[in-house]
Amino acid sequence: MSRQTIERLQQEIAELKSEVASLREALAFHQRHSSTQTAKTGEEFLRKLLGGTFTQHNAGHDIEVGSWQLEVKASDCSSIDNTRPLSTTRWTWHRIFGVGGRKSHNRLILLGKPDVRHRPKYRDPGSPYVIFDIPTDQARILLELSKTPFIQITTNPLGQRTEKGRLFWTFETTRKELVARYAAPRRSSRRGS
């Protein structure tokens with residue numbers, strides 16, 4: 001192998017090492033902040049579904065649809081005991097009223113990634129999320145019942161034995177019901193309509 005080829009290969013190796021280091025850093029960041037991505041994906045789902053607009057960062061709510069101010073929280077399923085394959089799973093939604101408790105909204109929309117074991121039991125089994133539509137005053141009551149700064153329930157709607165189970169009994173909804181309740185009117189593409 002010529003000296004020129006060796007130098008070119010050494011340069012490529014150095015560039016690849018740098019790229020690997022950069023990708024490792026990006027992966028570590030994503031692993032540390034996966035809940036941020038879950039939240040953004042959930043917000044985008046709801047905005048597209050309802051035709052609303054995003055608010056500015058640090059606003060009192062996430063999405064506006066007409067006069068509705070919606071705060072959106074999304075959660076993946078998390079296992080209570082990762083050592084057992086059929087362990088109970090739950091959703092956890094943090095900072096319902098923001099870090100300092102000052103967020104203002106008139107509806108809280110909680111989105112939970114479906115637990116495939118319970119999908120047929122949800123009201124909208126085809127939805128990418130189990131959806132809960134909660135008036136703000138009821139969200140405050142649920143937080144008081146939790147005695148924690150977050151709302152957490154198991155993903156099995158039939159296994160709810162606590163007052164927090166009201167999320168399923170009272171507030172679980174469907175995409176169709178959300179659209180009927182909140183969706184911004186769609187403009188017709190035909191002239192004169």
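Checked against the criterion of being more than 23 Å from R47 (Cβ to Cβ), hydrophobic (A, V, I, L, M, F, W, C) and exposed (fewer than 14 other Cβ atoms within 10 Å of the Cβ), the stretch 69-92 has at least one qualifying residue.
Of the residues making up the stretch 60-94, those that are among the basic types (K, R) and either closer than 16 Å to Q37 by Cβ or at pLDDT 90 or above (or both) number 1.
Of all residues in the stretch 122-138, none satisfies being assigned to a helix (DSSP H, G or I) and hydrophobic (A, V, I, L, M, F, W, C).
Selection of the stretch 106-128 for residues being buried (at least 22 other Cβ atoms within 10 Å of the Cβ) and either closer than 11 Å to T174 by Cβ or free of Cβ contacts under 8 Å to residues at least 24 places away in the same chain (or both) yields an empty set.
Scanning the stretch 52-68 for residues that are in a strand (DSSP E or B) and open to solvent by less than 40 Å² (accessible area, probe 1.4 Å) turns up I63, V65.
If you go through the stretch 141-157 and keep only what is free of Cβ contacts under 8 Å to residues at least 40 places away in the same chain and at negative phi, you end up with I141, L142, E144, L145, S146, T148, P157. Going through the stretch 98-132 one residue at a time, which ones are more than 18 Å from G42 (Cβ to Cβ) and aromatic (F, W, Y)? Listed by number, the list is empty, since nothing qualifies.
The values are calculated or read from the model by the stated rules, or taken from the named source; none is laboratory data. These figures come from a predicted structure and were not determined experimentally. Virtual Cβ from ideal backbone geometry, glycine too; neighbours counted across all protein chains shown. Side chains included, ligands, DNA and RNA excluded: accessible areas come from the protein's heavy atoms. Shrake-Rupley method; radii C 1.70, N 1.55, O 1.52, S 1.80 Å.
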